[in-house]
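Novice: One structure, pasted below without further comment.
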Amino acid sequence: MKIAAIRTVVVNAEMRNWVFVRVETDQPGLHGWGEATLEWKTRAVVGAVEDLAPLAIGRDPRDVEQIVRVLVKHSFWPLGAIGMTAASGIEQALWDIQGKALGLPVWRLLGGKVRERVKVYTHLGLGDMRAVYETFDPAALVDRAQSVLAKGYRALKVVFIPYTNVTAAPAAVAHVGRLMQALRESVGPDIEIMIDFHGRPGSTAAALQYIRALEPFQPLFVEEPVPPGDIEAMRQIAAEARCPIATGERLVTRQEFARLCAAKAAHVIQPDLCHCGGLWEGKKIAAIAEAALIGVAPHNPRGPIAGAAALHFALSTPNFVIQEEMVGQVPWYDAVASTPIRMVDGHWQLPEAAGLGVEVNEREAAKHPFKPEVYHTTNAVLDDGTVVDW
């Protein structure tokens, strides 16, 4: 069996463009799907897939690890977020082919199941950009949270940390506390709440001020309290916070995660299976974390193929905590791709279909062609004109 061709299908899903990767084999009817979605970098990722494809074409698609090593090592220049995203989409498609060829779901190929169902969460507005990032009013926050719970979720994530620089204003910290109190009182003690800081605080002091306001309401975790890359800052926050600290959605290599785990700089890591090298590399990252007593909650605000990949990963990973998802983020979500995802009482169920269990309707996908994504990040400017992290 050989890889005959690799191509992409881009689908505009309003909040972002999904980049699907299709790997063809020389066996009639046998192909695999992966996802390589990266916000505001769609055309760059498509180009990177085209650049990497010649390194994989002609190889046996079942040699997953060898092909990924070739994509990474024979590219010479470090791939970075764009290149690793392209490689991840190809890698997921190889597992899909492997599973289809054997007639087995991918989770069986990743070591078999370690749980019977997968706990999931979503965002306010079920993916609507403004609801996710612009809900700073307690009444609107409560209303949108109740809408999420009405869909059957038992966990949700909010982004209500204000745009901040090195210092946090007392009024801003107090408002964060009021928002969290209103949310907790509304949803009750049994609903898991996560707060995404989005790296907005520009210092550990500012981050810890906000964390102190949140701690009494027992968040499942506080995510990315400072911008990525400063392991010592993360280690300090993780040591001083009285709630779990998570980070990792913007890290892309196993080595970055290894350094983070060695420093005990988080309690939960969040590799994105569309950026970190795919499923097998994600399993290696999870194993490093497990050895350091750190959990894994993969980042995934993406499309249907990424969701399916995350399902198989979670079922086979012992230190998995909870899975981010955005199923149904557009009304035609199920028309573009069929997936094995079924949610019951806030949990995805065990799939049995071969491969990832995904198939793309390319005719439907063509109805939603590429469009430049809205640069919502331009809101991250303070009153005096200072540009800060989104």
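Any read-out appearing in this document is the output of simple, stated calculations on the displayed coordinates, not a laboratory observation. Here the structure is a predicted model, which means the values were calculated and not measured. With ideal geometry, Cβ positions are generated from the backbone for all residues, glycine too; neighbour counts draw on all protein chains shown.
Novice: For a label point 7 angstrom out from the Cα of THR386 toward its Cβ, which stretches of the stretch 176-209 have the backbone nitrogen within less than 18 Å?
Specialist: 198-209
Novice: For the chain, take the longest principal axis of its alpha carbons; what is the angle in degrees between that and the long axis of helix 80-102, to the nearest 10 within 0 to 90?
Specialist: For 80-102 against the chain, the angle is about 50 degrees.
Novice: Grab every C-alpha pair in the stretch 108-356, bin the distances at 5 angstrom width from 0 up to the longest one, and report whole percents.
Specialist: Computed distribution, short to long bins: 1, 6, 14, 18, 19, 17, 13, 7, 3, 1, 0.
Novice: Please list, in chain and number order, the residues 5+ apart from LEU38 or on another chain whose amide H is under 5 Å from its amide H, with Hs placed from the backbone.
Specialist: It is VAL19, by chain and number.
Novice: Please figure out what share of the DSSP beta bridges in the stretch 233-390 is antiparallel and state it in percent, rounded to the nearest 5.
Specialist: Values: 5 of 11 bridges.
Restricted to the stretch 233-390, the bridges split so that about 45 percent are antiparallel.
Novice: What lysines does LYS119 reach when the alpha-carbon gap must be under 27 Å and sequence neighbours fewer than 8 apart in one chain are set aside?
Specialist: Cα-Cα hits under 27 Å: LYS100, LYS151, LYS157, LYS264, LYS283, LYS284.
Novice: Kindly provide the helix-only [θ] at 222 nm of the chain, computed as the sum of -39,500 (n - 2.57) over DSSP H runs of four or more divided by all residues, to the nearest 500 deg cm²/dmol? Write out the running numbers ahead of the final one.
Specialist: Details: 14 runs with 151 residues, N = 390.
It comes out at -11500 deg cm²/dmol, rounded to the nearest 500.
Novice: Another question, then. In debye, nearest 20, what is the charge dipole magnitude of the chain about its Cα centre with +1 on Lys and Arg Cβ and -1 on Asp and Glu Cβ, if you could check?
Specialist: 640 debye
Novice: Could I ask something else about it? Have a look at the DSSP beta bridges in the chain and tell me what percent are antiparallel, nearest 5.
Specialist: On the way: 22 of 42 bridges.
If we restrict to bridges inside the chain, about 50 percent are antiparallel.
Novice: So, in Å, what gap is there between the alpha-carbon centers of the stretch 153-180 and the stretch 27-69?
Specialist: Here the answer is 39 Å between Cα centres.
Novice: Further, regarding this structure: Whole-Hz ³J(HN,Hα) for each residue in the stretch 340-348, computed from phi via Karplus 6.51 cos²θ - 1.76 cosθ + 1.60 with θ = phi - 60°, x for glycine and proline: what do you get?
Specialist: Calculated HN-Hα couplings, in order: x, 6, 9, 9, 10, 6, x, 9, 6 Hz.
Novice: A follow-up question, please. Starting from the Cα coordinates of the stretch 3-104, work out the convex hull volume and express it per residue in Å³.
Specialist: Values: hull volume 9.3 nm³, N = 102.
Residue-normalised Cα hull volume stands at 91 Å³.
Novice: A follow-up question, please. Looking at HIS267, VAL176, LEU220, which one has the Cα that reaches farthest to the positive end of the dipole of the stretch 108-356 (charges on Cβ: Lys, Arg +1; Asp, Glu -1)?
Specialist: About the Cα centre, the residue reaching furthest to the positive side is HIS267.
Novice: Tell me which of PRO318, LEU382, ALA335 sits at the most positive position along the dipole axis of the chain, charges placed on C-beta atoms (Lys, Arg +1; Asp, Glu -1).
Specialist: Most positive-ward Cα: PRO318.
Novice: Using a 10 Å cut-off on Cβ atoms, rank the peptides 181-194, 36-49, 272-285 from the highest mean neighbour count down. Walk me through the intermediate numbers first.
Specialist: Values: 181-194: 16.0, 36-49: 20.7, 272-285: 25.4.
In descending order of packing, they fall as 272-285, 36-49, 181-194.
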